[in-house]
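In what follows, a single structure is set out as structure tokens and then discussed.
Read-outs throughout are calculated quantities, based only on the coordinates presented, and are distinct from any laboratory measurement. These numbers come from a predicted model, not from an experiment. Cβ atoms come from the backbone with ideal geometry, glycine included; neighbour counts cover every protein chain shown.
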Amino acid sequence: MPKDGGIGASSKRREDVRFLTGAGNYTDDINIRGQAHVYFLRSDIAHGTITSINTSAAEAMPGVVKVFTGVDFEAVGGMPCGWQVTDRHGQPMQEPRHPILAHGKVRHVGEPIAAVVAETLEQARDAAEAIELDIAELPAVIDMKAAVSADAPKVHEDLTSNLCYDWGFVEENKAATEEAFAKASHVTTLELVNNRLVANPMEPRVAVGDYARGTDDSTLYTTSQNPHVIRLLMGAFVLGIPEHKLRVVAPDVGGGFGTKIFHYQEEAFCTFAAKACNRPVKWTSSRTEAFMSDAHGRDHVTRIELALDGDNNFTALRTETYANMGAYLSTFAPSVPTWLHGTLMAGNYKTPLIYVNVKAVFTNTVPVDAYRGAGRPEATFQLERVIDKAARELGVDPIALRRQNFVTEFPYATPVAVEYDTGDYVATMDKLEEMADLSGFDARRQASEAKGKWRGLGVNCYIEACGIAPSNLVGQLGARAGLYESATVRVNATGGLVVMTGSHSHGQGHETSFAQVVADMIGIDENMVEIVHGDTANAPMGMGTYGSRSLAVGGSAMVRATEKIIAKAKKIASHLLEASEGDIELKDGAFSVAGTDKSVAWGDVTLAAYVPHNYPLEEIEPGLEETAFYDPSNFTYPAGAYACEVEVDPDTGKVTIERFTAVDDFGNVVNPMIVTGQVHGGLAQGIGQALLENCAYDENGQLLSASYMDYAMPRADDLPMFGVDHSCQTPCTHNPLGVKGCGEAGAIGSPPSVVNAVVDALQSGGKDVTHIDMPLTPARVWAAMQ
Amino acid sequence: MYDFDVEMPTSVAEAVAALSQEDAQALGGGQTLIPTLKQRLASPSVLVSLNGIAEMKGVCIGEDGQLCVGGATSHAVVAKDAAAHFAGLAELASHIGDPAVRNRGTIGGSLANNDPSACYPAAALGSGATIVTNARSIAADDFFQGMFTTALDEGEIITEVRFPIPQAANYQKFLQPASRFALVGVFVAKFADGVRVAVTGASNDGVFRWTEAETALGSDFSAGAVDGLTVSGDDMISDLHGTGAYRAHLVGVMTKRAVAAAG
Ligand SMILES: Cc1cc2nc3c(=O)[nH]c(=O)nc-3n(C[C@H](O)[C@H](O)[C@H](O)COP(=O)(O)OP(=O)(O)OC[C@H]3O[C@@H](n4cnc5c(N)ncnc54)[C@H](O)[C@@H]3O)c2cc1C
């Protein structure tokens, strides 16, 4: 029975009313009296030495307030990196300085060189054109393998090479893994590219810096997924502003997908310039700027090998990956190809030995960092592609090969350091086979062939680590932050609640689903609970939203805080009811004495807390407000099985997705409709990566796909109707809600099934194609067929 | 954008006069020009909007039986009003861009711009249209002179496009996945005295006629007639979305499909 409220109900997203009626309050909607505008002069050269820069003509232009260049930022810190990776030899990664404005050199197209603050944006832009700039071009390094060759030009001359780190995981398993390969009865090898992507949230980045001279307080309004993290990084590491003098507000944010996690130069610039100019300074990214300044995603080149014994059991796995860092280290970039990738290489399988080698490389390209899935899509793609290839080589059914190697007993400690708490991969695969009607595939293939189309079926599994993360563990792994989450629950006298959470919602629907949880715990109407987030001035220190962590970690903090509220409310109720505290029960928003008909309503208790006339003041304080911080004891492990059916047009190579089925185990589900929506969005992005999206550079470092004329975003008619199921539920064992997280699954799980399906279709058409690199554009598929 | 003035003449004569000012430029639907201005890639002093000129708008049948489309007629109007007379053209117009683009963009702007991936040039060349300007009439065969280049003189305005109505015609557009312009588009038109085949999206020289296919189809108007015919990919566009060889291959495929669809 579908519920109509609380946990498990498909409550409509309350935030959509304002989003869909133009009543949202996005950062660009914020205009402060006296505000000036900044335009960044960006490099159109990928690599070069700034030989001269003269701003005097620009300064004399109409409306110009001030012109800034790299020298103005010599005294402040560079952009910080939040994760230090230690390499195979125990050495820390190479960490270059990342200036706010380029100083001395430019290292990628789009790097800001100068900033003009003026009365209007057009005036700032006019003046930027008057800046006299000379750059002596240097050879650019774009290709990762070329970048690590001995004679490659160096992106950073003060580093020993373009290699950021050479990471081995688990280094102690290397020899044993090699031995297992030597003994294998079959080895399948695959070289593949995980294509570079641009996140393209609907709302581009915006920053508004404000400074109050009277109090020396700085405020930054920004399009961020984690305002507290920005406050900490920018305040402590870049500008030297203590947190109590710095407020960061991330109001309504129109999509993030990871790219709005990171601290960007423009944020630091606007905060700095607001003080320097003593007036608010606003920057709104154009779409063109977004393409060349938002952190990009993915961009791995991998060779993966899978060893099998004579019975087709996986015996070992090894990979060598080149991961592009771009020209500088974005905030969490080093963690993505390492701890968010290597730890997931076991997938859903009980492969006993795994060795992952990752070489992170600097190139003259935009920095690369986490993008929906972050490391886990890369892991899933390699693994699920190599398994499919192995099945084809061995002539066995790809589903049977997977089933045979599934992890079936939990908890399961993988050879790559993580322990899966629960899961049931057989159940999700069973459900997939049924929902996707795999037994009907042959008939559908024949129908396609009758139309002159080749039909293919691709299946894959995935696992991800979400709910990041235990702080003590990630600290050991190099994180320069904790990964707990916080919530303050404030109950008002008349019974309504405000929950201030460190999680941030930028499309995920927290304002609805978080309210459902609290309302359910107390037994009151959802509309009595308001979720507030995005402002360091009112929410407790939180780490923000990414890695499908909000409900698992932020929701858990909220549950803990609400439990404290309930415990205190019971004390008050026991006083009002003149009963012993242990006998008080809370149900449907009323406190009653067990076994009696005596009860007192939620609102009477909250009123008593704030109007404590009849109140045990000697025992407890008045008021009803509690805060909790929750630090998870493990990751959560959502997993699932996906099936994709495609048709390939043999004349043109065009792929169309005919059916797509996603069966996910997210543990418990709070709002099934929102979860379905999250899966839909993830699938669209994963299919976008598989078929359409490609961020390409030429050999000189010019961005070839720098607008929607060349960067293909998925559109509604590129996608089929999705079949989505999340009824297979193995609740997480270590968080109070038993939830695992659903935000990234679709993007992680879908690319391999698409590629598997296209390879299957080509094989059915008699083409001996074993792999095509994403995106599978018509041109690439056709070329593979020739 | 740089600063500019805007003028809204109501007759072709006024527009021509306005365009004689230094650095003046015609503004059709602005679907190409406005993004160019936003990127500061052009700096006209005056934009002369053609949208208020009634004599340049609308679709009609001329005395000679040709379909006349005013130079400032939007794609949406062509899609609707040409459908009864020249379905192949209306169908083409209905697949240009999205509704906003179709409601603003004009046939005159599209032909004057002569984007190598645009759709209208294929229709104009493929049906042997006449491009009428304030000064003269230009046969489509003489009008298109390579990527973004036409026979138009400075300040010359396309006031009308006259299309002979074919017995059968069809346009097949293979979408460039990002822009959804034509990666390759082929317009095939069958007339009593022969067949015309015009290809857009493919060549470095812009829209062109595939004369070999025209000859073959002239004697046998069937998809099979194109079998075995190939165009060379050597001078074709090679970019992120396809090599010259791929485009050359698509020319054959799209031509066959257009012939089959034209019936
Ligand atoms: C998102 C998008 C998608 C698109 N998709 C397609 C597509 O699939 N296929 C396609 O073919 N096109 C497509 N276009 C282009 C569209 O068709 C435009 O209409 C066309 O490029 C220009 O027409 P316009 O009227 O907007 O001209 P404008 O942008 O106003 O002008 C373009 C040029 O033509 C000149 N000009 C304008 N009118 C005249 C005239 N009457 N006489 C002489 N010169 C004139 C201008 O001075 C300017 O140099 C797309 C555009 C956009 C923005």
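Any chance you could list the semi-axes, whole Å, largest first, of the equivalent ellipsoid that the Cα gyration tensor gives for chain A, using √(5λ)?
One finds semi-axes of 41, 38, 24 Å for chain A.
Which of A:Gly523, B:Ala26, A:Ile468 sits closest to the plus end of the dipole of the protein assembly as shown, meaning its Cα is farthest towards the positive end, when Lys and Arg get +1 and Asp and Glu get -1 on the C-beta?
It is A:Gly523, whose Cα lies furthest towards the positive end.
Modelled label-to-label distance, A:Asn278 and A:Ala594, 7 Å Cα→beta-carbon offset: nm?
Reported label-point gap for A:Asn278 and A:Ala594 is 6.8 nm.
Within the range A:716-759, what residues put their amide N at less than 14 Å from the label point 7 Å along the Cα-to-Cβ vector of A:Asp397?
Those under the cut-off are none; the list is empty.
Rg/Rh for the range B:168-262: what does it come to with C-alpha atoms and Rh from Kirkwood?
0.96
Taking Cα centroids, how far is the range B:1-57 from the range A:536-610 in Å?
Here the two parts' Cα centres lie 66 Å apart.
Hey, can you list the DSSP H helices of chain B whose Cα span along the axis is 20 Å or longer and whose average Kyte-Doolittle score is at least 0.5?
B:244-262
From the helices alone, meaning DSSP H stretches of at least four residues, give me the mean residue ellipticity at 222 nm for chain A, per-run term -39500 (n - 2.57), in deg cm²/dmol to the nearest 500.
Mean residue ellipticity, 222 nm, calculated: -7500 deg cm²/dmol.
Give me the percent of DSSP beta bridges within chain B that run antiparallel, rounded to the nearest 5.
Here the share of antiparallel DSSP bridges comes out near 85 percent.
List the GluC sites (Glu not before Pro) within the range A:526-612 that DSSP assigns to loop and that have no more than 15 neighbouring Cβ atoms inside 10 Å.
Here the GluC sites (Glu not before Pro) that fit, given the DSSP loop and packing criteria, are A:Glu578.
Find the centroid of the Cα atoms in the range A:311-371 and in the range B:119-151, then give the distance between the two in whole Å.
What the calculation gives is 55 Å, centre to centre.
Taking every alpha carbon pair in the range A:484-630, what does the distance histogram look like in 10 angstrom bins from 0, in percent?
13, 42, 30, 13, 2
Can you check what the Kirkwood hydrodynamic radius comes to for the range A:134-224, Cα pairs only, in Å to one decimal?
Averaging 1/r across every pair of different Cα atoms and inverting gives 19.8 Å.
Of all GluC sites (Glu not before Pro) in the range A:1-84, which ones are in loop regions per DSSP and have a Cβ with at most 11 other Cβ atoms within 10 Å?
A:Glu74
Of A:Ile584, A:Asn634, A:Gly595, which is farthest towards the positive pole of the range A:575-642's charge dipole, taken about the Cα centre with +1 and -1 on the beta-carbons of Lys, Arg and Asp, Glu respectively?
Toward the positive end, the furthest listed residue is A:Asn634.
Sequence-distant or interchain residues sharing an amide H contact under 5 Å with A:Ile135, placed H: which?
A:Thr51
Quickly work out the A:Asp525-to-A:Ala601 label distance, labels modelled 7 Å from Cα along the C-beta direction, and quote it in nm with one decimal.
Placing both labels 7 Å beyond Cα along the Cβ direction yields 1.1 nm.
Which order, highest average first, do A:592-599, B:250-257 follow once you tally other Cβ atoms within 10 Å for each residue and take the mean per peptide?
Those peptides, ordered most packed to least, come out B:250-257, A:592-599.
Over the whole of B:236-243, what's the average partner chain Cβ count within 10 Å per residue? Rounded to a whole number, please.
The per-residue average across the peptide is 4.
Rounded to the nearest 0.05, what FRET efficiency do A:His244 and B:Gln145 have when you use their Cβ-Cβ distance and R0 = 60 Å?
About 0.30, to the nearest 0.05.
R0 = 60 Å: FRET efficiency of A:Asp442 with A:Arg18, Cβ-based, nearest 0.05?
0.75
For Cα pairs less than 8 Å apart in space and 6+ apart in sequence, what is the mean separation divided by the residue count of chain A, i.e. the relative contact order in percent?
Relative contact order comes out at 16 percent.
In the range A:177-227, what trypsin sites (Lys or Arg not before Pro) fall in a loop by DSSP, with at most 16 other Cβ atoms inside 10 Å?
Passing sites in the range A:177-227 are A:Arg213.
Across the residues of A:709-718, average count of Cβ atoms on other protein chains within 10 Å?
Per-residue shielding by partner chains comes out at 3.
Just order A:750-759, A:45-54 by mean Cβ neighbour count inside 10 Å, highest at the front, would you?
A:750-759, A:45-54
Going Cα to Cα from A:Lys359, which lysines come in below 20 Å? Please leave out same-chain ones fewer than 8 positions away.
Candidates past the 8-residue exclusion: A:Lys145, A:Lys154, A:Lys174.
Please list, in chain and number order, the residues 5+ apart from A:Ile100 or on another chain whose amide H is under 5 Å from its amide H, with Hs placed from the backbone.
A:Met79
When the dipole is taken about the Cα centre of the range B:168-262, and only Lys, Arg (+1) and Asp, Glu (-1) are charged at their Cβ, what size is it in debye, to the nearest 20?
400 debye
Can you figure out the FRET efficiency of B:Ser20 with B:Arg136, using R₀ = 25 Å and their beta-carbon distance, to the nearest 0.05?
0.90
Quick one: what are the phi-derived ³J(HN,Hα) couplings along the range A:614-619, Karplus 6.51/-1.76/1.60 with θ = phi - 60°, whole Hz, x for glycine and proline?
Result, ordered by residue: 10, 7, x, 4, 6, 9 Hz.
For chain B, what is the calculated [θ] at 222 nm in deg cm²/dmol (nearest 500), taking -39500 (n - 2.57) for each run of four or more DSSP H residues and dividing by its residue count?
-8500 deg cm²/dmol
Mind checking the full-extension length gain between A:Lys564 and A:Thr656? Use 0.36 nm per residue of separation minus the Cα-Cα distance, one decimal, nm.
So the extension gain works out to 27.8 nm.
Cut-off 16 Å, label point 7 angstrom out along Cα-to-Cβ of A:Met713: give me the residues of the range A:491-513 whose amide nitrogen falls inside.
A:507
Sorting A:Val148, A:Val663 on the 10 Å Cβ count, fewest up front, what's the list?
Ranked by crowding around the Cβ, least crowded first: A:Val148, A:Val663.
Report the gain in length on full extension from A:Asn472 to A:Asp631: 0.36 nm times residue separation, minus Cα-Cα distance, nm rounded to one decimal.
56.3 nm
How large is the Kirkwood hydrodynamic radius of the range A:347-471, in angstrom, based on all distinct alpha carbon pairs?
17.4 Å
With the crude spin-label approximation of a point 7 Å out along Cα→Cβ, what separation in nm comes out for A:Thr49 versus A:Arg97?
Here the modelled spin labels are 1.7 nm apart.
Give the average, rounded to an integer, of partner chain Cβ atoms located within 10 angstrom of each Cβ in A:776-784.
Rounded to a whole number, the mean comes out at 5.
So, how do all the Cα-to-Cα distances of the range B:1-48 break down into 5 Å bins, in percent, from 0 on up?
5, 23, 31, 23, 13, 4, 0
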